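The values are calculated or read from the model by the stated rules, or taken from the named source; none is laboratory data. In this text the structure is predicted, and so the values were computed from the model without any measurement. Note: ideal-geometry Cβ built from the backbone for every residue, glycine included; neighbour counts use all protein chains shown.
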Amino acid sequence: MHFLQTPDYRDSYANSVQMRVNLWDFFLLFGTVNQTSADAVTINNFQGVYLSPPQAKALLNLLMQNLKQYEAAFGEINLEAQGTGGVVQ
């Protein structure tokens, strides 16, 4: 198996992921959260990815396996919002 990157490939950082689900697919919408004040939050979405239900389940399994390894090495991940204006989605 060979992995090739397309000409439009890019790496990006996301601290926001939103999801929509329907009968045929899962849609993941990646973005970055910008908080300019205590009550002003903007999410700049930059990439949407569609996954079939089997691919979504495979991703879940892969994430669970890697999260368990991460937590074994670095400690439990806390999903509580950090600070006064943190956003966890």
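Before moving on, here are some points about what is shown:
- A count restricted to region 6-19 and to residues that are without any contact (Cβ under 8 Å) to a residue 24 or more places away in the chain and either farther than 21 Å from residue 79 by Cα or more than 13 Å from the chain's Cα centre (by Cα) (or both) stands at 6.
- Filtered residues of region 11-35 (kept if closer than 14 Å to residue 48 by Cβ and in a loop (DSSP other than H, G, I, E, B)): 12, 14, 22, 25
- When region 25-52 is filtered for residues that are aliphatic (A, V, I, L, M) and exposed (fewer than 11 other Cβ atoms within 10 Å of the Cβ), the ones remaining, listed by number, are 38, 40.
- Filter result for residue 56 (touching a residue at least 12 places away in the same chain (Cβ under 8 Å), aliphatic (A, V, I, L, M) and under 19 Å from residue 22 (Cβ atoms)): yes
- Screening 55, 69, 65, 82 for residues that are surrounded by 12 or more Cβ atoms within 10 Å (Cβ to Cβ), of a type in the set (S, T, N, Q) and either modelled with pLDDT under 95 or not in a strand (DSSP E or B) (or both) leaves exactly one candidate, 55.
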